[in-house]
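Q: I am attaching a structure below and will ask some questions about it afterwards.
Rule-based calculations on the coordinates, nothing more; no lab input. Here the structure is a predicted model, which is why all the values come from computation and not from measurement. Note: ideal-geometry Cβ built from the backbone for every residue, glycine included; neighbour counts use all protein chains shown.
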Amino acid sequence: MEKIAVFVDVQNIYYTCKQAYGRSFNYRALFKMLSQQAQVEYAFAYAIAPADDGQVKFQDALRHIGFEVKLKPYIQRSDGSAKGDWDVGITIDVLDYAEHVDKVILLSGDGDFDLLMAKVAQKYACDTQVISVAALTAKSLLDVIGSHIPIESNLLL
């Protein structure tokens, strides 16, 4: 059975699903779908440290489903802007785990990951897949991956 590693950019998936569909992503349906197709060796969800009970419950639910949740503090800058970006952390983990699996699955439509996914396919000869909202996924990312699964109603709450 194919071994896979799953990396979820929680912020990207949350905002793109809300923007495109006005709905939330169904992580349980995702895990069930992937588990039926392959052996989930690693599953990481990258999120912002909880600011309220709703986020705590959501992150506990992710853990219960089977994700290892990695948290980063939400940074409020003095100019009023905010930052909660996991791109570098996701990149490091993908590079660390890619050699141990047959396929790397990234949940994000962020074009910043195009170089990463191209490198993983080339360096580790593993398959690459992105699961994202099709209309909100960077063409540069779609151009370098092995396959794309669009987020549609079957993966929404």
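Q: Which residue out of Tyr21, Tyr42, Tyr27 is surrounded by 15 or more Cβ atoms within 10 Å (Cβ to Cβ) and touching a Phe, Trp or Tyr at 6+ places or on another chain (Cβ under 6 Å)? Spell out how you get there, then give the answer.
A: Details: Tyr21 fails: touching a Phe, Trp or Tyr at 6+ places or on another chain (Cβ under 6 Å); Tyr27 fails: touching a Phe, Trp or Tyr at 6+ places or on another chain (Cβ under 6 Å).
Exactly one residue qualifies, and that residue is Tyr42.
Residue by residue, here is whether (1) within 16 Å of Tyr14 (Cβ to Cβ); (2) touching a residue at least 24 places away in the same chain (Cβ under 8 Å); (3) out of contact with any His (no Cβ under 9 Å at 6 or more places or on another chain) holds:
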residue: Ile75; (1), (2), (3): no, no, yes
residue: Tyr97; (1), (2), (3): no, yes, yes
residue: Ile105; (1), (2), (3): no, yes, yes
residue: Asp112; (1), (2), (3): no, yes, yes
residue: Gln122; (1), (2), (3): no, no, yes
residue: Asp127; (1), (2), (3): no, yes, yes
residue: Ser132; (1), (2), (3): yes, yes, no
residue: Leu141; (1), (2), (3): no, yes, no
residue: His148; (1), (2), (3): no, no, yes
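Q: For segment 1-33, give me each residue that is over 13 Å from Leu156 (Cβ atoms), among the basic types (Lys, Arg) and assigned to a helix (DSSP H, G or I).
A: Applying the first criterion (over 13 Å from Leu156 (Cβ atoms)) to segment 1-33 yields 1-12, 15, 31-32.
Checking which are among the basic types (Lys, Arg) leaves us with 3, 32.
Lys32, the sole residue that qualifies.
Q: Can you pull out the residues in segment 29-73 that are closer than 25 Å to His100 by Cβ and of a type in the set (D, E, K, R)?
A: Lys32, Glu41, Arg63, Glu68, Lys70, Lys72
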